[in-house]
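Q: I'd like to ask you about the structure that follows.
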Amino acid sequence: MSSRGLGKYTYFSQDEIKDYLDEIKKLILSDRYFISVRDENDAFIDKYRIDTDKEKEILLNLLMII
């Protein structure tokens with residue numbers, strides 16, 4: 001255990017992480033996700049004119065690099 005105070009809820013096996021990310025991917029692909037309504041999120045979406053398809057593309061690409 002590190003000196004940062006990490007507990008039992010911060011250790012996950014690679015398989016658990018893969019399963020979790022697979023579940024997130026399924027939710028994104030089935031349109032069962034949302035992006036929190038925050039000023040900075042709205043400003044970013046407006047600034048770069050990001051539509052729903054682009055949101056999904058960005059989120060799925062993030063999952064691919066993890």
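Q: Checking the conditions here, which among ILE24, ILE45 is at pLDDT 95 or above, surrounded by 11 or more Cβ atoms within 10 Å (Cβ to Cβ) and part of a helix (DSSP H, G or I)?
A: Criteria check complete, one pass: ILE24.
Q: Which one of these does ILE50 not meet: (1) out of contact with any Phe, Trp or Tyr (no Cβ under 8 Å at 6 or more places or on another chain); (2) in a loop (DSSP other than H, G, I, E, B); (3) modelled with pLDDT of 95 or more?
A: It fails just one condition, (1).
The values are calculated or read from the model by the stated rules, or taken from the named source; none is laboratory data. Since this is a predicted model, take the numbers as computed values, not measurements. Reconstructed Cβ throughout: ideal geometry from the backbone, glycine too, with neighbour counts over all protein chains shown.
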